[in-house]
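In what follows, a structure is listed as structure tokens, so that the remarks can point back to it.
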Amino acid sequence: SVALFDQAEEAVKDDATLLHRVQVARLPIMYTQIALGTSASFAQEDGKLVQRQGDDTTSLAERFEKIARAEGVTRVREGGPLRTLDAWLDSLPKQAKDVTLETLDNGALKVTLIPQMGGRIWRLQLADGRDLLKMHGEEGAWIPDAGGYEEYSESGYRSPGWSEKYRVTAKTADSVTMVAQLKNGLEVTRKVSLHGEGSRDISIETTLKNRASSTKTAAIRVHPEFAVADTAKAKVSLRQAGGATSWVNLANPADPKAEKERWFRGAEMPLGQSVQPGPG
């Protein structure tokens, strides 16, 4: 189909009206290409992730937008929060050709961060090389904007904060601090730290500031994907508000290896800290 549309565009390239009609007819094909390939694959080289040739969906999305706006397209789906053209375009990761990795390593835990992709933690490895976070793709064709650990500035899944470019403002032997300005008017600062040589403890401190002139509703939502080989053998330890520790079994009785959703309310809520909003 792609080759046929290439031929069709070439055949009518000198007629603006016919060319536009061919391009509009091509939009569903382009949409499918973007939807199936929104996550480009990267190879790891010398402290960077370098995008593999042929995986540049960002350029394809830019071309889709140009044709769609010329045609007056306003919606790309029938329902859901991403039904408008603008919302769908905003949801697509803005992929660079290559991204720099920031690494922290204390001998027991190695943390690899990608500031340019939402300030995410891409890898979390033990000294023996085992990955604690789920990685998508494979060696030489990693998909770094999925899996790992990402955060959002609102309660909605993949609300602003998870894909923007963060800039590193400070780095020491055991910490990296990153800042990003989000499209919802919030500024997010994230500091990732390791706790001394030989420790497996990691701290993530995130702060949101409202830089807009109007009141904003914000919520720091974390989204880690752990590398769990068998949920039937996996448990999660949570410290509750009263200080006690509880264990949650992740196994799904109907299918021990399937995902299990668990909500925590009331006394079951994990220990957290409530902060009152202040000026600025």
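The values are calculated or read from the model by the stated rules, or taken from the named source; none is laboratory data. These numbers were taken from a predicted model, which means no experiment stands behind them. Here the Cβ positions follow ideal geometry from the backbone for every residue, glycine too, while neighbour counts run over all protein chains shown. Only protein heavy atoms, including side chains, enter the accessible area calculation; ligands, DNA and RNA are left aside. Shrake-Rupley method; radii C 1.70, N 1.55, O 1.52, S 1.80 Å.
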task: Check segment 176-191 and report whether any residue there is in contact with an Asp or Glu (Cβ under 7 Å, 6 or more places away or on another chain), in contact (Cβ under 8 Å) with a residue 24 or more places away in the chain and open to solvent by 70 Å² or more (accessible area, probe 1.4 Å).
output: yes
Which listed residue, of Thr32, Thr17, is within 29 Å of the chain's Cα centre (by Cα) and among the β-branched types (Val, Ile, Thr): Thr32
- prompt: Got at least one residue in segment 123-136 being open to solvent by less than 40 Å² (accessible area, probe 1.4 Å), touching a Ser or Thr at 6+ places or on another chain (Cβ under 6 Å) and in contact (Cβ under 8 Å) with a residue 60 or more places away in the chain?
  reply: no
query: Which number in (1) surrounded by 16 or more Cβ atoms within 10 Å (Cβ to Cβ); (2) free of Cβ contacts under 8 Å to residues at least 24 places away in the same chain marks the one condition that Gln23 misses?
result: (2)
task: Please go through segment 137-152 and pick out each residue that is assigned to a strand (DSSP E or B) and either under 14 Å from the mean Cα position of the chain (by Cα) or in contact (Cβ under 8 Å) with a residue 40 or more places away in the chain (or both).
output: Gly137, Ala141, Trp142, Ile143, Pro144, Asp145, Ala146, Gly147, Tyr149, Glu150, Glu151, Tyr152
message: Report every pair of residues separated by at least 6 positions or lying on different chains whose Cβ atoms are under 6 Å apart, first residue within segment 97-122 and more than 15 Å from Ala173 (Cβ to Cβ) and open to solvent by 10 Å² or more (accessible area, probe 1.4 Å), second charged (D, E, K, R) and assigned to a strand (DSSP E or B).
response: Asp98/Lys48; Thr100/Lys48; Met117/Asp145
- line: In the set Arg158, Arg167, the lone residue that is touching a residue at least 12 places away in the same chain (Cβ under 8 Å), at positive phi and open to solvent by 60 Å² or more (accessible area, probe 1.4 Å) is Arg158
message: When you check Thr217 against the structure, is it open to solvent by 60 Å² or more (accessible area, probe 1.4 Å), among the polar types (S, T, N, Q) and touching a residue at least 24 places away in the same chain (Cβ under 8 Å), yes or no?
response: yes
- prompt: Within segment 32-46, which residues are at pLDDT 75 or above, open to solvent by less than 40 Å² (accessible area, probe 1.4 Å) and outside any strand (DSSP E or B)?
  reply: Ile34, Ser41
